1. Sequence gap of 8 or more, or different chains, plus Cα separation below 21 Å: how many lysine pairs satisfy both in the chain?
2. Could you calculate the FRET efficiency of GLU67 with TRP212 from 1/(1 + (r/R0)^6), where r is the beta carbon distance between them and R0 is 35 Å, rounded to 0.05?
3. How long is the gain from SER13 to ASN187 if the chain were fully straight, where each residue apart is worth 0.36 nm and the alpha carbon distance is subtracted?
4. So for the chain, taking the charge dipole from beta-carbon charges (+1 Lys/Arg, -1 Asp/Glu), which of PHE50, PHE209, VAL63 sits furthest toward the positive end?
5. Using helices alone, I'd like the mean residue ellipticity at 222 nm for the chain: each DSSP H run of four-plus residues gives -39500 (n - 2.57), total over residue count, nearest 500.
6. Quick one: order SER72, SER42 by neighbouring beta-carbon count within 10 Å, fewest to most.
7. What nm value, rounded to one decimal, do you get for the distance between GLU44 and ARG121 when each label is placed 7 Å out toward the C-beta?
8. Tally the DSSP beta bridges in the chain and give the antiparallel ones as a percent, rounded to 5.
Amino acid sequence: MFILKRQDVEISSVQHPKRDQQIPILQYQGQTFRLISVFSASQEEEAKAFWRDLTDNRGKACVLLEEPERYSVWGKVRLEQLGVDPDAHADSDETTPHFIQACLLLLQAMYIDIEDLLGARQVGLFQKEIAAVFQQGRFPQTESPAAINQLLTIDPLASLQIPSWQEHHLNVLLRELHRIGKEHFGNATFTERVMDALEDMPAKDRMQFLGWMKQSPNGKDWL
């Protein structure tokens, strides 16, 4: 639909009706949009390609917001649906706990792979890169080094402390993990090794996640 500047829009948040978290909301000319994905300032082309794919190929009503420090893509939604039941909306940004668990398994597998194959220096760099991804994407529950270390080390299938990430966070994580993996290994052959971590999941949960990956904008890089 549109490429907008920060001064063109009003950004606020509404309380999620089921969770203790805020939902980012963008308003433009009486229309309401919900955050789908975030890109860094250096990823202008990726942001525009993602936005065009949603609007031109998938028929979604989306806007691209251009800010000095980042780009973000927002999908149109009716405000009353957010207040009553966001899960009922076709473009809902909600996700399920085992999707978050699956992404954490991929994150941890990448961490272990880099440590085992490339050594301590590279894994230290990976930790810094992931921390930057979490900060840029405004991931909940990643505010401290201790919190990030917990995500990298504690079994997400056994832990009761699954972070309250939304679908756009998972899309950002898949995209950035793939980019970082290619930078460290020089190619994309790491994906098969990392994806093997999903074998630890219950079969039903794993198949649902793989189905979601096939439909997600960044999942195809892994499959």
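Computed from the coordinates by the stated procedures, all read-outs in this text should not be read as laboratory data. Here the structure is a predicted model, which means the values were calculated and not measured. Neighbour counts run over all protein chains shown; Cβ positions are idealised from the backbone, glycine included.
1. Final tally of qualifying lysine pairs is 16.
2. On the way: r = 28 Å, r/R0 = 0.81.
According to the calculation, E is roughly 0.80.
3. On the way: separation 174, 0.36 × 174 = 62.64 nm, distance 3.95 nm.
Gain in length upon complete extension: 58.7 nm.
4. VAL63
5. Numbers: 8 runs with 101 residues, N = 223.
Calculated mean residue ellipticity at 222 nm is -14000 deg cm²/dmol.
6. Details: SER72 24, SER42 9.
By the 10 Å Cβ count, ascending, the order reads SER42, SER72.
7. Reported label-point gap for GLU44 and ARG121 is 3.4 nm.
8. Here the share of antiparallel DSSP bridges comes out near 85 percent.
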